[in-house]
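Here, each number is a calculation from the coordinates, and none is a lab measurement. Predicted, not measured: the structure shown is a model, and the values here were computed from it. Positions of Cβ are generated from backbone atoms using ideal geometry, with glycine treated the same way; all protein chains shown enter the neighbour counts.
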Amino acid sequence: MGKVFRPSNREASIISKIESSKEYARRQALNKIRDCIDLLSNAIASKLIESNLIETANKNAIEEQIMKCLENLMRAESFDIEYMVAPFKHIVQQTHVVSLFVTAFVIEQLINHKDVIDIFGSDVDIYNCINTQVKKYLP
């Protein structure tokens with residue numbers, strides 16, 4: 001029979017603090033989207049197009065779609081966020097929830113938009129491109 005691992009109170013306390021700090025950072029990021037939603041959606045759309053990761057006929061339509069995605073993220077429940085980002089959690093070690101959610105949106109839904117001609121690059125390339133813009137505006 002295998003050994004049963006029972007963490008001590010100190011270990012449990014440290015694990016609890018780590019988890020609560022991660023959850024606090026996540027809530028802070030989601031709350032700050034409201035302050036910079038226009039700038040963030042413009043920056044993400046521009047960078048995706050400049051980096052030749054998205055080929056489109058209409059940049060404004062892409063920006064609007066990303067803005068709608070961010071608005072949905074602000075209103076989404078925790079389960080909905082986890083469900084959307086679950087297939088992409090393995091992309092990098094420490095992911096940013098906003099970057100991951102927008103990446104999932106681009107890969108799964110934006111590709112079907114009428115103004116998107118094609119999406120190039122790997123999931124990691126798209127995530128890194130989006131994450132560089134998110135880190136400029138969100139903690």
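Can you go through PHE88, PHE105 and tell me which one is of a type in the set (Phe, Trp, Tyr), closer than 14 Å to LEU48 by Cβ and surrounded by 12 or more Cβ atoms within 10 Å (Cβ to Cβ)? Full working, then the answer.
Details: PHE88 fails: closer than 14 Å to LEU48 by Cβ.
Answer to the check: PHE105.
Pull up the range 41-65, narrow it to residues that are of a type in the set (A, V, I, L, M, F, W, C) and in contact (Cβ under 8 Å) with a residue 40 or more places away in the chain, then point me to the one that is nearest to GLY121 (Cα to Cα). Full working, then the answer.
Kept after step one, since they are of a type in the set (A, V, I, L, M, F, W, C), are these residues of the range 41-65: 43-45, 48-49, 53-54, 57, 61-62.
Now narrow it down to the ones that are in contact (Cβ under 8 Å) with a residue 40 or more places away in the chain: 43-44, 48, 53-54, 57, 61-62.
Working: ALA43: 18, ILE44: 15, LEU48: 10, LEU53: 6, ILE54: 9, ALA57: 18, ALA61: 20, ILE62: 17 Å.
The selected residue is LEU53.
Report, by residue number, each residue of the range 91-107 that is within 10 Å of the chain's Cα centre (by Cα) and part of a loop (DSSP other than H, G, I, E, B).
Matches in the range 91-107: THR95, HIS96.
Spot the failing condition for ASN58; the list is (1) surrounded by 12 or more Cβ atoms within 10 Å (Cβ to Cβ); (2) touching a helix residue (DSSP H, G or I) at 6+ places or on another chain (Cβ under 8 Å), and only one is missed.
ASN58 satisfies every listed condition except (2).
Can you tell me which residue in the range 122-139 is surrounded by the most Cβ atoms within 10 Å (Cβ to Cβ), limited to those that are over 14 Å from ILE44 (Cα atoms) and touching a helix residue (DSSP H, G or I) at 6+ places or on another chain (Cβ under 8 Å)? If you could, list the steps in order and put the result at the bottom.
Let us first name the residues in the range 122-139 that are over 14 Å from ILE44 (Cα atoms), namely 122-124, 139.
Right, trim to touching a helix residue (DSSP H, G or I) at 6+ places or on another chain (Cβ under 8 Å) and you get 123, 139.
Working: ASP123: 16, PRO139: 9.
Looking at the filtered set, the residue picked out is ASP123.
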